[in-house]
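What follows is one structure encoded as structure tokens, with my remarks underneath.
None of the figures in this text is laboratory data; all of them are computed from the coordinates on show. Everything numeric here is computed off the predicted structure, so don't read it as measured data. No Cβ is skipped: glycine too gets one built from the backbone with ideal geometry, and neighbour counts run over all protein chains shown.
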Amino acid sequence: MVFDDCVLEPGKALPVGASVTGRGVNFSVFSRHADSVTLVLFASPEPDSACKQWKLDGKINRTGDMWHCHILGLTAGALYLYSVDGPYIPEKGFRFNAHKSLLDPYAKALTDLRGWDLRSCMGYNPEDPLKDLSFSPYDEPYTQPRCIVIDDTFDWQGDRPLNYPLRYSVLYETHVRGLTKHPNSGVAHPGTYRGVIEKIPFFKELGITSLEFLPMQEFNEQEQTRINPRTGERLVNYWGYSTVAFFAPKGSYAADSSLGGQVREFKEMVRELHKAGLEVILDIVFNHTAEGNEQGPTFSFRGLDNSIYYILDENKRYYKNYSGCGNTMNCNNPVVRTFILDCLRYWVMEMHVDGFRFDLGSILGRDQQGRLMENPPTLERIAEDPILRHTKIIAEAWDAGGAYQVGWFPGGRWAEWNDRYRDDVRKYWRGDAQHTGPLATRLAGSSDLYLRDGRKPFHSINFITSHDGFTLKDLVSYRTKHNEENGEYNRDGHDMNYSANYGFEGPSANLLIETVRERLMKNYMATLMVSLGTPMILGGDEMGRTQRGNNNAYCQDNEISWYDWSLLEKNQGLFRFAKEMIAFRRRHPGFMRPEFYTGKDGNYNAIPDISWFDETGKAPDWDEIDTCLALRMDGSKADILADRDDNDFFIMFNAGETPVSFKVCPPLEGKPWVRAIDTGLPAPEDICTPGMEAPLGYSDRYLTTPRSMVVLISKQFGLTT
């Protein structure tokens, strides 16, 4: 790119970032405490490329705290960074260093991050005994990635976000790269956004509604320095929970390597997923950035205005660390709050995403001193923002600083990852004592958590497994975690997994052990799909994906994390059960009802909307009942909002090690019971196709297999089952 014909003009403070105007490009960046700001343009992505610097005039190119200019004659595809000068007084929170080039926080794309040497980004002298109190006078040789000016023009072909109601959704958590990176994935563009497009037929067959992707905002995979002790290979940042640029889609996930190609390819992925009826939900990490603690690099926020963007300690040399990653974003500072809202709006308006899952979301509820707030303005703004009104907002309702807000996350309409559901269901199916009552509470939508503040069952995101922890296969195959390959001596990852191996640690050649494990995986999947709330499954669980007992594979960009697509054939019975179970849920509004059960008849008939039984047919003694539970669900007016009826259901749970004969409620006249699901039976009898359910006959008893689950439905003329 040649700059000879470019002309510096005053420009405008808004919009923030780099915006193509038709005559050129407008640049605007925030810094309250800077003495000067310099815009640096580059001719190419190469480290030694020609560059041109424009130092902005504080009288002409500044409005309030916004530094801005318009470069006449510049076009999309231009590359740029900033250099910002100001006080360097770490103990007062100021860490300006004009020798360090900075990324624009609003950058919409970055050049290749590979080869980025973070040592050159240190604002202090690492060799100085005082370390971060010292100052680095060394000019960085522009080895870091550069910001790319993006033209937002794209042929969306009429696409809009789908925004399905949560209660009709089935979420599928996955990783863009891991989904198709394995050599047997069968795609032409492995590990990319295009690879996701190629897997659309699979998603459609499985029946999920929404893809919840691990972070896709730009991050540096090479920031890890540890070595895999088994292979000797360097470990990487695979999950991506260390954001570098919040507006920029991950460049290495694009098959298109041209400048800005990742933006176009991301949009293509969203457009094609939407055509197939599939939503896109992004895992987003506003709780911290990749700049780390006081000894971390300076490449963006720290060098633009450290004391504004981060929560600092009383001695402002140090950072509050509620994220466990070195720093904490100052999310309730008005400037940072605006940044967060601008970012979310961009992903919805320009990238057409359908929702967000907020990693360590409790941090967004901390004030500028780090205290939890009763009515956090940032969380309320997100919930009430008119642009985001129909966008899914899902909180991980805790943080690494001790906050735990599951069931009382502030801010209004927020849904939550319900780890209480995960743990209680795991404990029940493992056979733990006194966990039948908690199972009933989770099946009924966790009213103990969400009823008191007016939220609905669908605000509970129910899950058994997620990226953070065991896969479903490993949950029933390992008693303890096996994270040795992470290079941390197996000290990382959760210790309380509520898992079991059923006789042998890891893969087993014993057919009896593997049969029990598969049955339990079906139990977990079936329990998830008949529970009130919004179900989320971990991608790969439907085919029995294993991580070899690693419950914290954040650094494993290899076959530990990648989907092994040969498992679809090997575990075809499990896959069939999973997709039929998802279809079963989506056919029956009773499992998607918008309100909690009342235990009353609701004036529709003489039967309560839900009734609980022990195996003898009596009301359970919740203090005594152990591993057996049954429920009857009345399908009348199951979906009150849509005025829809459903079948009645009688569901039996047996987590014990012996068969149990349940007394079955008598059916209503003209509505006999038929067996739809029995995880104790071999495929394909374990789940019947609609219209092929097995009649129960005249018996009022049903014998359940050890560690199994049975669903009976009423056959009523005119209703699909």
Measuring from its Cα centre, the range 588-721 shows a charge dipole (+1 at each Lys and Arg Cβ, -1 at each Asp and Glu Cβ) which, in debye to the nearest 20, is 300
So the angle from the long Cα axis of helix 334-349 to the longest Cα principal axis of the chain, reported in degrees to the nearest 10, equals 60
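Given an 8 Å cut-off on Cα distances and at least 6 residues of separation, report the relative contact order of the range 588-721 as a percent.
Details: 283 pairs, mean separation 31.4, N = 134.
The normalised contact order for the range 588-721 reaches 23 percent.
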The range 202-267 to the range 426-487: how many Å between their Cα centroids? 27
Only Lys, Arg, Asp and Glu count, each charged at its Cβ (+1, +1, -1, -1), so figure out the dipole size of the chain about its Cα centre, rounded to 20 debye. 760
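Given a Förster distance of 35 angstrom, what is the FRET efficiency for Thr338 paired with Leu72, based on the Cβ-Cβ distance and rounded to 0.05?
Working: r = 28 Å, r/R0 = 0.80.
Result of the calculation: an efficiency of 0.80.
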Once fully extended, how much extra length lies between Thr225 and Glu669, figured as 0.36 nm per residue of separation less the alpha-carbon to alpha-carbon distance? 153.0 nm
Placing +1 on each Lys and Arg Cβ and -1 on each Asp and Glu Cβ in the range 132-180, then taking the dipole about the Cα centre, the residue among Ser134, Gln144, Leu171 whose Cα reaches farthest towards the positive end is Leu171
Please identify every one of the chymotrypsin sites (Phe, Trp or Tyr not before Pro) in the range 507-600 that sits in a loop by DSSP and has no more than 11 other beta carbons within 10 Å of its own beta carbon. none
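Quick one: grab the alpha carbon gyration tensor of the range 588-721, order the square roots of its eigenvalues as a ≥ b ≥ c, and give me rounded if a/c is under 1.5, else prolate or oblate depending on whether a/b is larger than b/c. Write down the numbers at each step before the final one.
Working: a/c = 1.78, a/b = 1.22, b/c = 1.45.
Note, shape of the range 588-721 comes out oblate.
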When the charge dipole of the chain is computed with +1 at the Cβ of Lys and Arg and -1 at the Cβ of Asp and Glu, the Cα pointing farthest to the positive end, of Asn184, Asn551, Leu341, is that of Leu341
To the nearest 10 degrees, how steeply does helix 511-530 sit against the main Cα axis of the chain, on a 0 to 90 scale? 80
When the Cα centres of the range 23-54 and the range 692-708 are compared, how far apart do they sit, in Å? 72
Cα-Cα over 21 Å: which of Lys131/Lys316; Lys108/Lys267; Lys199/Lys250; Lys392/Lys427; Lys427/Lys473? Lys392/Lys427
If you take every DSSP beta bridge fully contained in the chain, what fraction is antiparallel? Give it as a percent rounded to 5. 75
Two pseudo-spin positions, 7 Å from Cα along C-beta at Met496 and at Asp128, lie apart in nanometres by 4.4
Tell me the Kirkwood radius of the range 157-305: reciprocal of the mean inverse pair distance over distinct alpha-carbon atoms, in Å. 16.9
Additional length obtainable on full extension of the chain from Ser508 to Arg114, 0.36 nm per residue less Cα span: 137.8 nm
In straight Cα distance, which lysines are under 22 Å from Lys55, not counting same-chain residues fewer than 8 positions off? Lys12, Lys100
Residues listed by number, the range 497-516, amide nitrogen under 14 Å from Thr705 label point at 7 Å toward C-beta: 511-516
What are the ³J(HN,Hα) values, in whole Hz, obtained from phi via the Karplus relation 6.51 cos²θ - 1.76 cosθ + 1.60 with θ = phi - 60°, for each residue of the range 216-224 in sequence order, with x given for Gly and Pro? 10, 6, 4, 9, 9, 4, 8, 6, 6
Spin-label zone in the range 435-457 - amide nitrogen under 16 Å from a point set 7 Å from the Cα of Trp408 along the C-beta vector: 447-455
Between the helical axis of 572-587 and the dominant principal axis of the chain, each derived from Cα atoms, what acute angle in degrees is found, rounded to the nearest 10? 90
Rounded if a/c is under 1.5, else prolate if a/b beats b/c, else oblate: with a ≥ b ≥ c from the C-alpha gyration tensor eigenvalues square-rooted, which is the range 619-697? oblate
Residue-wise, which Karplus ³J(HN,Hα) couplings in Hz belong to the range 225-242, taking 6.51 cos²θ - 1.76 cosθ + 1.60, θ = phi - 60°, and x for glycine or proline? 10, 6, 10, 5, x, 7, 9, x, 7, 6, 7, 10, 7, 8, 5, x, 7, 7
Can you work out the FRET efficiency for the pair Ser566 and Glu9, with r the C-beta to C-beta distance and R0 = 60 Å, to the nearest 0.05? 0.50
Just want the answer: with Cβ charges of +1 for Lys and Arg and -1 for Asp and Glu, which residue in Gly355, Tyr421, Ala395 is farthest toward the dipole's positive end in the range 338-475? Tyr421
Under unit Cβ charges (Lys, Arg +1; Asp, Glu -1), what dipole magnitude, rounded to 20 debye, does the range 7-148 have relative to its Cα centre? 520
Under 21 Å between C-alpha atoms, the lysine pairs in the range 588-721 lying 8 or more places apart or on different chains count 9
In terms of the Cα gyration tensor, with a ≥ b ≥ c the square roots of its eigenvalues, is the range 535-624 rounded because a/c is under 1.5, prolate because a/b exceeds b/c, or oblate? prolate
If exposed means trypsin sites (Lys or Arg not before Pro) lying in a DSSP loop and surrounded by at most 12 other beta carbons within 10 Å, then the longest stretch of the chain lacking such sites spans residues 231-370
